[in-house]
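Please read the structure below before turning to the comments.
The values are calculated or read from the model by the stated rules, or taken from the named source; none is laboratory data. Here the structure is a predicted model, which means the values were calculated and not measured. For neighbour counting, all protein chains shown are included, and Cβ atoms are generated from backbone atoms with ideal geometry for every residue, glycine included.
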């Protein structure tokens, strides 16, 4: 059943090609069907491959299929080869499944847009690149996918390129990503030099065989993680993600919530042996993840733009995933990635539905009491919010709890504490969003109110499906308190992610930690309720008492301004200096000079062509004399 | 006897060519050249090539130079052409020519004695030449005939006066 | 018995004289005649070397050279006539159309 897994990336790839070349002449309806069906076909094959994979015994994993011999240089090969194992299957399922639902949603959301075909071409291209990324069997091909999703991110963020802010946001995303990628490439080089092959199997064997020293492992791991901070928007390279909300909402859902930004987590999990070998790197990952989680959560508290809140929430949640990986619980990190894909994309799509209903309004100060008007959007959004807050029986609870428990079990109390504080803030800002949008008095624009309508089924059906999964997806990874065998997710990943030195807690401790997580989540929700429903003036009073803190948070700690002053302006000034002195003077001078010299030489030589036969004969004679002389001497 | 003949003919040849160079009148130049070609024909004869000698005299001295004289008559210049005004090109050419002469003579210094003598056994009889022409050199022979026709037609077409259109 | 080398040196001298004639003269017809001198010098060289190598092939070549030179003279003179009709002059300096 697993023979066809290599088709998973190629079907969207073929669809992209058709849309790119022929899209101009294809009718809109056909484009929608082809784009969505190609992703659906990939999803079906992914499910079939997954079922087939369950039957394969661990020694035969991973299944690798080489499609095309790409780089062959001496002993070093890097081929277009795809790999099927637990990790890549999970990612493929998430990408194609959630991707399919978002494609369907986009049919409704982008129905009236001019660039409809262009949008679906880019979306399919993104799916193709992302699938290449997660199914690559060597790091060079993975990097190709890595760059590909970065490109699609740029194209889709700047989709409405006539708007200056959108074009700038696209540029910012790509450039910041690139900085991370520079470190990533260095990491790849170090791997290739020392291990002579980019294949993951070979790398893992080398690590297992002791060919890598701890120092080298740390260096490589840190470089790779630096690349991940760019792609997955962690400190210090997260600044592009809030601005990326300029793109269409389905794009934010797919790329900046469910899939692309989680590529970093996937990469760290793929290299789990490397990170485990180097304790320092793992600790760095955990600390950066935890700090980012809290840091982003604080910024989400004050934003008024519904999508910005969700953006900061994404940054924060990815911080949790890295936190999980950093403390050694790679499976937990991947589990959170998987559940997060469902509820975060649900939240984004529902937010899009709200914006669609209000004709594009995204400022929460102009919303309120919408639950009467949006009978499908409101409950699904609520489910997403409950899931992310970590309330039990919903998926977010299981994954977040897994991470926090592992952190505590490994003795990382500081990280655990940061995680708990983050959980409070998460619950608080999510429900702040819910209450401001759907409850309370109506602060709507009169014009928006007249067009208020629920979204069409093509948009609401994906919402319902995602809501369903946001509830049930978590049950594959039950915590240890329900039995050692209950963590189906973790056990599925075992061939890829070797369970590390598992510290065990007593059952009592486990229950205690669960209770603390739940309490913390409910606490956050209650505070939000107090602030925004019971006494709506409370936020304003708090702000007026601590104006400096509020300003700091509202202006995102002025990080963008700092980066601008320190890095961007100096780069611009440096480039201008180089342009004036080198580009204009040296390069243009050389080219103009060459042209002038050629013209001058031509003028000189034209004297030879007098038009007189005699002169030509003279030159001929001269030539013969010289030639004969040369032959004689 | 042979040497005497050779010196005579060589002298006539060189003398005529020099005369041609020094004279300013084109008709005189042509006549000098006829004399030179005749002497050359004689020299060919001395070199055991009687057929070629005859061909040279008939065609070169007899046909080609006559052609020249016809054209000179048609052009009908009243006065001669004054010699070169710019003297320096003259000297350069002369100088280069002398250098070429020296080089060429230098080139053959090694073979002064190797070339053997003229007069004697093998003669270039028409039979022998004819045999070669029609076996080894058949293609060039036929193609040359086409070439002559082409030159003939070309020359006539070129010089034909166009009717006023 | 005349040493063949004498003929050969004669041909060389004739050739160089032809070159000098070509460079000195200003009218087209005489320049053309100088070209004919050069061709004949080459013919003389061929014949003398044919004698030295004791083969008749050199003479066959001379045969062809004479033939072709005749054809060339015909066409060349026709062109000179045409040029004279256009420019009313046969001085080489007046033919400057290919300048530059």
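Among the residues of the stretch B:38-59, how many are within 24 Å of residue C:20 (Cβ to Cβ) and either more than 7 Å from chain C (Cβ to nearest Cβ) or surrounded by fewer than 21 Cβ atoms within 10 Å (Cβ to Cβ) (or both)?
So the count comes out to 4.
Say whether the condition of being modelled with pLDDT under 95, facing chain C (nearest Cβ under 9 Å) and within 22 Å of the chain's Cα centre (by Cα) is met by at least one residue in the stretch B:73-92.
no
Criterion first (surrounded by fewer than 17 Cβ atoms within 10 Å (Cβ to Cβ), more than 9 Å from chain C (Cβ to nearest Cβ), within 15 Å of residue C:31 (Cα to Cα) and touching a residue at least 12 places away in the same chain (Cβ under 8 Å)) does residue B:27 satisfy it?
yes
Could you pull out the residue among C:39, C:68 that is without any contact (Cβ under 8 Å) to a residue 60 or more places away in the chain, facing another protein chain (nearest Cβ under 8 Å) and assigned to a helix (DSSP H, G or I)?
C:68
Examine the stretch A:264-275 for a residue that is outside any helix (DSSP H, G or I), touching a residue at least 24 places away in the same chain (Cβ under 8 Å) and crowded, with 24+ Cβ neighbours inside 10 Å, and state whether such a residue exists.
Yes, the stretch A:264-275 has at least one match.
Please find, within the stretch C:56-65, the residue that is nearest to residue B:145 (Cα to Cα) out of those that are crowded, with 20+ Cβ neighbours inside 10 Å and within 7 Å of chain B (Cβ to nearest Cβ).
C:63
Per-residue answers, yes or no, for (1) in a helix (DSSP H, G or I); (2) surrounded by 11 or more Cβ atoms within 10 Å (Cβ to Cβ); (3) more than 14 Å from chain C (Cβ to nearest Cβ); (4) at positive phi:
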{"residue": "A:525", "(1), (2), (3), (4)": "yes, yes, yes, no"}
{"residue": "A:533", "(1), (2), (3), (4)": "yes, yes, yes, no"}
{"residue": "A:565", "(1), (2), (3), (4)": "yes, yes, yes, no"}
{"residue": "A:572", "(1), (2), (3), (4)": "yes, yes, yes, no"}
{"residue": "A:601", "(1), (2), (3), (4)": "yes, no, yes, no"}
{"residue": "A:607", "(1), (2), (3), (4)": "yes, no, no, no"}
{"residue": "A:611", "(1), (2), (3), (4)": "no, yes, no, yes"}
{"residue": "A:617", "(1), (2), (3), (4)": "yes, yes, no, no"}
{"residue": "A:628", "(1), (2), (3), (4)": "yes, yes, no, no"}
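Would you check which residues across the stretch A:146-169 are part of a helix (DSSP H, G or I) and free of Cβ contacts under 8 Å to residues at least 60 places away in the same chain and list them?
A:147, A:148, A:151, A:154, A:155, A:164, A:167
Would you confirm whether any residue within the stretch A:556-569 is farther than 24 Å from residue A:238 by Cβ and in contact (Cβ under 8 Å) with a residue 12 or more places away in the chain?
So far as the stretch A:556-569 goes, no, none of its residues is farther than 24 Å from residue A:238 by Cβ and in contact (Cβ under 8 Å) with a residue 12 or more places away in the chain.
Among the residues of the stretch A:448-471, is any modelled with pLDDT under 75, touching a helix residue (DSSP H, G or I) at 6+ places or on another chain (Cβ under 7 Å) and buried (at least 21 other Cβ atoms within 10 Å of the Cβ)?
No, every residue in the stretch A:448-471 fails to be modelled with pLDDT under 75, touching a helix residue (DSSP H, G or I) at 6+ places or on another chain (Cβ under 7 Å) and buried (at least 21 other Cβ atoms within 10 Å of the Cβ).
Confirm whether residue C:7 is more than 7 Å from chain B (Cβ to nearest Cβ), at negative phi and either outside any helix (DSSP H, G or I) or buried (at least 23 other Cβ atoms within 10 Å of the Cβ) (or both).
Criteria not met by residue C:7.
What's the total number of residues in the stretch B:1-12 that are in contact with a helix residue (DSSP H, G or I) (Cβ under 7 Å, 6 or more places away or on another chain) and either over 23 Å from residue C:58 (Cβ atoms) or more than 7 Å from chain C (Cβ to nearest Cβ) (or both)?
Final tally of qualifying residues: 3.
Can you tell which of A:327, A:280, A:354 is under 17 Å from residue A:264 (Cβ atoms) and more than 20 Å from the chain's Cα centre (by Cα)?
Sole residue among the options that is under 17 Å from residue A:264 (Cβ atoms) and more than 20 Å from the chain's Cα centre (by Cα): A:327.
Please work out which one of (1) within 22 Å of residue A:412 (Cα to Cα); (2) in a loop (DSSP other than H, G, I, E, B) is the condition residue A:336 fails and give its number.
Among (1) within 22 Å of residue A:412 (Cα to Cα); (2) in a loop (DSSP other than H, G, I, E, B), residue A:336 violates only (2).
Could you say whether any residue in the stretch C:45-55 is farther than 25 Å from residue B:138 by Cβ, free of Cβ contacts under 8 Å to residues at least 40 places away in the same chain and more than 13 Å from chain A (Cβ to nearest Cβ)?
For the stretch C:45-55, residues farther than 25 Å from residue B:138 by Cβ, free of Cβ contacts under 8 Å to residues at least 40 places away in the same chain and more than 13 Å from chain A (Cβ to nearest Cβ): present.
With respect to residue A:206, determine if the residue is in a helix (DSSP H, G or I), in contact with a strand residue (DSSP E or B) (Cβ under 9 Å, 6 or more places away or on another chain), at pLDDT below 90 and farther than 26 Å from residue A:255 by Cα.
Here the answer is no, as residue A:206 does not meet what is asked.
Could you figure out which of (1) on the phi > 0 side of the Ramachandran plot; (2) at the interface with another protein chain (Cβ under 7 Å from one of its Cβ atoms) isn't true of residue C:22?
Checking residue C:22 against (1) on the phi > 0 side of the Ramachandran plot; (2) at the interface with another protein chain (Cβ under 7 Å from one of its Cβ atoms), the one that fails is (1).
Which of the numbered conditions does residue C:90 fail, given that it passes all the others? Conditions: (1) surrounded by 20 or more Cβ atoms within 10 Å (Cβ to Cβ); (2) within 14 Å of chain A (Cβ to nearest Cβ); (3) without any contact (Cβ under 8 Å) to a residue 60 or more places away in the chain.
(3)
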